[in-house]
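**Student:** Attaching a single structure in structure tokens format; questions to follow.
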């Protein structure tokens with residue numbers, strides 16, 4: 001008996017071709033998985049940085065004319081012990097902000113991803129801020145940094161910690 005399979009092609013060549021085709025398919029699938037993982041990491045990074053930027057600005061910006069809404073916005077973007085502490089501490093300075101007619105405006109100067117995983121992340125954010133009040137009506141500028149820890153809770157990124165740098 002000869003080693004032929006189909007139309008005179010040796011059976012060993014057919015097997016070798018099948019092995020090469022399977023290897024190529026596996027390599028293509030591995031490449032697709034790698035590309036998919038890269039896309040997921042890129043999307044995760046974008047989500048985390050966008051959330052941290054928003055939290056940082058909301059944390060630094062306030063206006064005595066709508067201080068309760070400003071504080072509520074930060075509380076709604078927060079979770080856990082940090083949320084409880086923020087609510088307590090902001091209530092403690094509320095009257096001072098109103099009495100001083102304080103307004104704080106801030107913008108992001110830079111940000112950097114420290115760490116990010118599926119359900120937790122850490123970001124550092126640098127802000128430039130101008131604060132006006134009855135003592136400094138022309139405003140006082142300063143720059144500062146925040147380290148913001150985030151947790152994914154029910155599919156949404158929330159601040160679990162904000163620390164000055």
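**Student:** With a cut-off of at least 3 residues that are surrounded by 19 or more Cβ atoms within 10 Å (Cβ to Cβ) and touching a residue at least 60 places away in the same chain (Cβ under 8 Å), name the strands (runs of 3 or more DSSP E) lying wholly within segment 96-161.
**Tutor:** 120-132, 140-153
**Student:** So residue 131 clears everything in (1) closer than 16 Å to residue 54 by Cβ; (2) more than 15 Å from the chain's Cα centre (by Cα) except one condition, right? Which one?
**Tutor:** Of the numbered conditions (1) closer than 16 Å to residue 54 by Cβ; (2) more than 15 Å from the chain's Cα centre (by Cα), the odd one out for residue 131 is (1).
**Student:** Mind checking which residues of segment 55-74 are crowded, with 17+ Cβ neighbours inside 10 Å, outside any loop (DSSP other than H, G, I, E, B) and touching a helix residue (DSSP H, G or I) at 6+ places or on another chain (Cβ under 9 Å)?
**Tutor:** Residues satisfying the conditions are 55, 58, 59, 62, 64, 67, 70, 71, 73, 74.
Only the coordinates and a few stated rules stand behind these numbers; no lab work does. All of these numbers come straight from a predicted model, not from anything done at the bench. Positions of Cβ are generated from backbone atoms using ideal geometry, with glycine treated the same way; all protein chains shown enter the neighbour counts.
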